[in-house]
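The values are calculated or read from the model by the stated rules, or taken from the named source; none is laboratory data. The shown structure was predicted, so the numbers you read here are calculated from the model rather than taken from an experiment. Every residue, glycine among them, receives a Cβ derived from its backbone with ideal geometry; neighbour counts consider all protein chains shown.
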Amino acid sequence: MGEDLKKDKKSKIKKLKNNKKLKIGMAISALVVVIAIGGGTAYVKSTVSKYENAIYPGMRIQGIDLSGKTKEEAVKIIDQNYKANMEKKKIVVKSGGKSYDINYKDLSLKFDYEKTVEDVLKEGKNNSTFEKFKMIKNGEAKDHEIKFTYDVKPIDEKINAIASELNKPKTEATISGYGGNFDITPEQVGSKLDTESLKAEIINKMTKSSASEKEVVVEGKMVEDKPIVTKDELAKIDTLISTYSTNYSPSNYNKSVNIELGASTVNGTLLMPGEKFSFNTIVGDTTPDKGYMSGIEIVGDKLETGYGGGICQVSSTLHNAVLKMGILPDSRLNHNLPVSYVPLGLDATISYGGVDYIFTNSTKYPIYIEGVAGGGTVTFNMYSNSSVKTSKRYEFTSEEYDTIPTTTEYKDDSTLAAGKEEEVQHGSIGHKVKAYRLTYENDVLVNTELINTDTYQPLPTIIRRGTAKAETKKEETKKDEPKKDEPKKEESKPQDSKPDDSKPEESKPNESKPN
């Protein structure tokens, strides 16, 4: 038993020694780890600190490696290797088998590379120490663009010049004829430079190109330029849809010339579906250099003389032909004074630069307008596709619902003898009217619709009233003293001069009718 105690004691002592050795070993290992970690941390911090004011590895600007460079060094490198090279570069546009150059130096380039360098320098600086260390050791490549401004005008000018050289214009199909017999000239497809996509591609490549590239090559695409008006579309014009005529006096030469010239100008007008007709755009100003002559026209509520007098009969006749097609106008005004060539409420006045007559082709087919004037009649024929001429028929009427009395104006005339009166202008009453569209289907009235309400001002009667007074000339005779030995002269009685009773030629009232 004593031996067992001795053995047990020895075993315990041995265990204590082993535990002590283990603890010492663990302490030494821990110390080694601590030393290692401390040394590693110091190394990490030392490495990161070297880039405190320097750009991290892998960072590039426009392809230029700026790893480890300070801001000042980076700016200098960019200035020498980017700005100078960029100003020597050019954009080469290739299109239609030709090449066209746009020089960077002509674009007034302004670079903001200092701001770009600052941004690159700051990149990653807010990360943790170990994240920074990781960025430094990995050196992952990352390229940055330099922001710069430029003048886009030279680019636009060059693109337009290229387009002018390469574009082959399209040709629209045309139609002409008389009385429903038409000749159609087919369309021609053109080609044009896609200027919008070319400009976008130039700017995209220009801003992203590296400094080492001496030129930026861009392909300019040519695309088809298809005509809007085609032979197939015009071939659909096959039927007279509506017609309307008004009369004028061929003896009024000036007015006849104006009406015939206006109708011939509108003649041949083609309107595609959705297209607008503007009388002032088609006819323009009625100036003498176009052949228009002086005539009576309505200006406000007065009759005056002006070039193109009578042209409103052309617009009014056309208006009624358009109405009979079933098309209502977009813009139309009545005259201030009544006219005689169409019913009240169905006229359409125009004034270049002011009042216009406008309507839209609301059908699905082209409309061809034929205008003919001569022999005292002006006619407009409206042609389109037969499907436009449905079972519906349109008629138009107007009713007077009120009148405005005329007035009499007296104008004193010192050239006319007192008491004399001459009528210069015969007056007429004014009218208030309503115009209606009557829709017939299979010759049965199915709808009555108010289309406009118009007021026509009265025309005043104007009378010249004489104010000239009759003058009497008296001859004063002197009584001379008779000389000696001379008989006394008989006194002469003064002669009374009588008023001039001759009547001036009376001018008839102006019976000309407004245009």
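For the reader, a short list of remarks on this structure follows.
- Test: ASN361 is under 27 Å from TYR436 (Cβ atoms) and either in contact with a Gly (Cβ under 6 Å, 6 or more places away or on another chain) or at pLDDT 95 or above (or both): yes
- Annotation for the range 162-172: at least one member residue is within 30 Å of LYS324 (Cα to Cα) and not basic (Lys, Arg).
- Of all positions in the range 68-80, at least one carries a residue that is part of a loop (DSSP other than H, G, I, E, B), among the polar types (S, T, N, Q) and either under 27 Å from VAL216 (Cβ atoms) or out of contact with any strand residue (DSSP E or B) (no Cβ under 9 Å at 6 or more places or on another chain) (or both).
- When GLU224 is tested against (1) free of Cβ contacts under 8 Å to residues at least 60 places away in the same chain; (2) under 25 Å from SER315 (Cβ atoms); (3) of a type in the set (D, E, K, R), only condition (2) is not met.
- The lone exception for SER164 - which of (1) free of Cβ contacts under 8 Å to residues at least 12 places away in the same chain; (2) among the polar types (S, T, N, Q); (3) surrounded by 15 or more Cβ atoms within 10 Å (Cβ to Cβ) it fails: (3)
- Within the range 83-122, the residues that satisfy the criterion of being more than 30 Å from LEU166 (Cα to Cα) and in contact with a Ser or Thr (Cβ under 9 Å, 6 or more places away or on another chain) are ASN85, LYS110, PHE111, ASP112, LEU121.
- Every residue from the range 171-214 that is in a helix (DSSP H, G or I), among the β-branched types (Val, Ile, Thr) and in contact (Cβ under 8 Å) with a residue 60 or more places away in the chain: ILE202, THR207
- Residue match in the range 459-471 (condition: within 43 Å of the chain's Cα centre (by Cα) and at pLDDT 95 or above): no
- Elements of type strands (runs of 3 or more DSSP E) contained in the range 215-318, each with 2 or more residues being modelled with pLDDT of 95 or more, closer than 30 Å to PRO186 by Cβ and among the acidic types (Asp, Glu): 222-225
- Positions within the range 123-145 being within 20 Å of SER210 (Cβ to Cβ) and in contact with a Ser or Thr (Cβ under 9 Å, 6 or more places away or on another chain), in sequence order: GLY139, ASP143, HIS144, GLU145
- Among the residues of the range 233-257, just one is farther than 19 Å from VAL322 by Cβ, among the polar types (S, T, N, Q) and buried (at least 21 other Cβ atoms within 10 Å of the Cβ), namely SER256.
- When the range 133-158 is filtered for residues that are more than 30 Å from TYR56 (Cβ to Cβ) and assigned to a helix (DSSP H, G or I), the ones remaining, listed by number, are LYS153, PRO154, ILE155, ASP156, GLU157, LYS158.
- Filter result (in contact with a Phe, Trp or Tyr (Cβ under 7 Å, 6 or more places away or on another chain) and either within 30 Å of GLY97 (Cβ to Cβ) or of a type in the set (D, E, K, R) (or both)) within the range 133-176: LYS158, ILE162
- The set of residues in the range 87-123 that are among the basic types (Lys, Arg), part of a helix (DSSP H, G or I) and closer than 14 Å to PRO154 by Cβ contains only LYS105.
- Just one of the listed residues (LYS90, LYS115, LYS98) is exposed (fewer than 13 other Cβ atoms within 10 Å of the Cβ) and under 22 Å from ALA200 (Cβ atoms), namely LYS98.
- Which numbered condition ASN126 fails, given (1) assigned to a loop (DSSP other than H, G, I, E, B); (2) surrounded by 13 or more Cβ atoms within 10 Å (Cβ to Cβ); (3) not charged (D, E, K, R): (2)
- Criterion: within 21 Å of THR379 (Cα to Cα) and surrounded by fewer than 17 Cβ atoms within 10 Å (Cβ to Cβ) - qualifying residue of GLY190, GLY268: GLY268
- Residues satisfying the stated conditions in the range 171-206, i.e. out of contact with any strand residue (DSSP E or B) (no Cβ under 7 Å at 6 or more places or on another chain) and small (Gly, Ala, Ser): GLY179, SER197, ALA200
- Meets criteria (in contact with a strand residue (DSSP E or B) (Cβ under 9 Å, 6 or more places away or on another chain), assigned to a helix (DSSP H, G or I) and under 30 Å from PRO329 (Cα atoms)) for SER387: yes
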